[in-house]
1. May I ask you to give the percent of accessible area on chain A that is carbon plus sulfur, with a probe radius of 1.4 Å?
2. Measuring label to label, 7 Å along Cα→Cβ, what does A:GLU302 give against each other copy in nm, shortest first?
3. How much of the calculated P(r) for segment A:136-190 lies past 14 Å, in percent of all Cα pairs?
4. Along the charge dipole of segment B:232-411, pointing to its positive end and built from +1/-1 on Cβ of Lys, Arg, Asp and Glu, which listed residue (B:VAL305, B:ALA327, B:GLY394) has its Cα farthest out?
5. Which whole-number value in Å³ per residue fits the convex hull of the alpha carbons of the protein assembly as shown?
6. Distances in nm, one decimal, shortest first, from A:ASP323 to the same residue in every other copy, taking the label point 7 angstrom along Cα→Cβ.
7. Please give the net charge around B:ALA409, taking every other residue with its beta carbon less than 14 angstrom from that of B:ALA409, where Lys and Arg add +1 and Asp and Glu add -1.
8. What angle, in degrees between 0 and 90 and rounded to the nearest 10, separates the Cα long axis of helix A:241-252 from the longest principal axis of the Cα atoms of chain A?
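The values are calculated or read from the model by the stated rules, or taken from the named source; none is laboratory data. Bear in mind the structure is a predicted one, so any value in this text is a computation, not a measurement. Positions of Cβ are generated from backbone atoms using ideal geometry, with glycine treated the same way; all protein chains shown enter the neighbour counts. Side chains are part of the model used for accessible areas, which takes the heavy atoms of the whole protein and leaves out ligands, DNA and RNA. Shrake-Rupley method; radii C 1.70, N 1.55, O 1.52, S 1.80 Å.
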There are 2 protein chains.
Amino acid sequence: MRRVHLPKGTSLSTSVLTSLQHALGDRVITDPVALAEAARDSSRYAPEGMPLALVEAESTEDVSAALAWAHANEVKVSVRGAGTGLSGGAVAYPGGLVVSLAGMNAILDIDVENRLADVQAGVVTADLDAAAHDHGLFFAPDPASARTSTIGGNIATNAGGLRCIAHGVTRDSVAALEVVLADGTVIRTGARTRKNTVGLDLTSLFTGSEGTLGVITSATVRLKPLPEGEPRTFRANFDDIEAAGRAITAIVNSAVQLEVLELLDARSVELIEAFAPSGLRVPGAALLVGQTVGVDAEAAAESIVEICRQHGGQDWAISESDDLLEARRLANPALTAQGLRVSCDVGVPVAQLAAVFRGIADLSKKHDRGISIVAHAGDGNLHPTVEAEDTPEGYAAAEVVIEDIARLALDLGGTISGEHGIGAVKLHELPLQFSDDELRVQRAIKAALDPAGILTPGRAY
Amino acid sequence: MRRVHLPKGTSLSTSVLTSLQHALGDRVITDPVALAEAARDSSRYAPEGMPLALVEAESTEDVSAALAWAHANEVKVSVRGAGTGLSGGAVAYPGGLVVSLAGMNAILDIDVENRLADVQAGVVTADLDAAAHDHGLFFAPDPASARTSTIGGNIATNAGGLRCIAHGVTRDSVAALEVVLADGTVIRTGARTRKNTVGLDLTSLFTGSEGTLGVITSATVRLKPLPEGEPRTFRANFDDIEAAGRAITAIVNSAVQLEVLELLDARSVELIEAFAPSGLRVPGAALLVGQTVGVDAEAAAESIVEICRQHGGQDWAISESDDLLEARRLANPALTAQGLRVSCDVGVPVAQLAAVFRGIADLSKKHDRGISIVAHAGDGNLHPTVEAEDTPEGYAAAEVVIEDIARLALDLGGTISGEHGIGAVKLHELPLQFSDDELRVQRAIKAALDPAGILTPGRAY
């Protein structure tokens, strides 16, 4: 048995950890370097202290044993896949237990005739998509992190991404789950059918619950048939971001079938070009880029470009290359490289896009601080990044602006988080969107399923 | 103030009811004929005694006042819209309170550019659809009862219908809700955006909760653009129902875009023709009927008919008339007229259709009892009707067969209810699908939101 490295300041005795090691052997990791790594996610939220141990689960039984142990010993648990979360939901608790699903990465079955896949939680999302391709199918949810993030994490956060305008969010592709509850009990939710009205919809409830209600160990997800024909990528530059917003509203309200519709403002394009030069021309105000698929992809792209032209779009192009979308996927690493960690993730109804762009420009002036914008524009989901020093003081100053952006989104009928979730980073913004009664209902459900409060406590709601 | 008619056997004093009448005036109905009417739904589940009173709510405040009163006085509450439910979920409790939302039937707003509608719970579903048509939009959920059932009831039961294969279930069209909790507290859930990851997904949780967690008073629902071109209706007859099942699996797995895909077996067609003759030819074993929409509707219908032919389909036809689907909508009234109330509502993965048809034929032989089948075949959702006398003994005998059908569906990876819900009628089947732990989780959530257990208690799960 490996030697136990007990972090300083923990109140748990070595003998308590020994019982976990007795149950799980060398899947219990206590090496400080590994623990420090497992304590973080991709957000700017830093752990407040070292966890006690990390369980690298290899099976549902491992997860069950780990939670039963944590429940019995009242140890707080954080749950992680690839650690790509942007809201601090997977950050470890001081003296807590980290449960990692990264090793549970088997694609168990692809049921072609029912267009379903059974996957363990640790499967990398792009790997599932690639496996489905071999059968003429694909997995629609497509967060920008798809090549590194895991399906369990995607489900736990109800991840969004680039193709939501065509295929909805991750929740829309989840049919059934296997979940380990806080006390180690294993349950299944949902069904393999397209319709199911038996009991409460626990599948939707666990999806997006950010690790607070149970640990998702495997899932049955829906696949879709690969579209025929070759996709087309289109682009247009705008000198006026509000005009780009009106163009997007018009495109979404036209008869055209869209697969992707994204917006990058001029500052974001500059930063991406600085990070990974690809010859992308910096627009006057905003670049609109997207994709159409299917046998009518070319005609659809032409219709979209025509709508852009009617709204002042220039330098338009239609291409068979995917390069533009690849550039879009680099937005988060490019901003992170500048010390600008994306944390603002508001959503507005799509007809309010021009208004939200105008409001953000006003806030930039009011606070005398640059705000760049990357947006899943077709769903009205924006990631404004407030320029700030990469210091606690810099973030505190930026946070004031971010809260104003959240209020702006709510005033326009929107939401304070479109796809990143609340985690730890946005917890203070919750009262802007929820009444006390609404928060009380959320927490009553949490208390019903996790009465000891060990699972990702104090986060998400 | 109107005179109070206290039903016999109630334990509540007149003074208790007086406080309700003080709050709600003549919206409190105690006329025995009206109460008897409000005590039933469209299922074969009969009320066990008369309710104390009916509240005909005209506002969210009325519902809140009624529930606060019921909560304070520990009176069981049933909730109803049009009373079209098929599982007994809206049947009144003896000495209970009935809250009717039928009078809250205003379409509050149609937000064309965001493709959203705000509606009160009592709006008839087809009225919402018609109002959306005026703006080039439509409301996709389309239960066979759409011309009488209300949107609140559709949401509370997560209703299915004919267009689910193309547009999903009711839950997929609900963006946000206003809900009155058991103690009268009013909350809002969801958002007007396409993406929202703030807190637990209470919108999905209340949708399909069958009146057990709260009373839905209004909703924000998603609309879709009306397809261009004229729809096409297609049909084909099969001499072998298993071949029809294989044809459906092949159609659903083809590249064709479907709007509707239904199956009626020969016995069902006979009954519909007897109820409302339309010249529908009775097939050897099964009639497959469906619809395609959009500019490619004719070509899509031709592809489908070709797949039917390859699987032995005969007498195929493609038409611009909607008559065949109208006939399909008469299945429930036609069976009801025979004393055969549809109550079986199983679902299977669509590749298991031939197997479930074979299994039902085997059960028909085993029990020596006719079983007719109407199916939303494209989603694998079947309504088998077991022939039985319209007496308690007849139903008890049929129930044995129905339970065997439920077991068959589960053995094939299916569900015991695709769209009608559990209500009171199917409560005894729940342990076939849920483990004790799974039931415990459902009931823990119920207890967290309705600790006094007044809202539709003892039903759904």
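1. 49 percent
2. List, nearest first: 2.3 nm.
3. Tail of P(r) above 14 Å: 57 percent of Cα pairs.
4. Checked the options; the winner is B:VAL305.
5. Each residue corresponds to 166 Å³ of Cα convex hull volume.
6. 5.9
7. Details: positive: A:ARG192, A:ARG194, A:LYS195, B:ARG358, B:ARG407, B:LYS426; negative: B:ASP345, B:ASP362, B:ASP379, B:GLU403, B:ASP404, B:ASP411, B:GLU419, B:GLU429.
That sum, taken over residues with Cβ under 14 Å, equals -2.
8. Between the helix axis and the principal axis of chain A, the angle is about 80 degrees.
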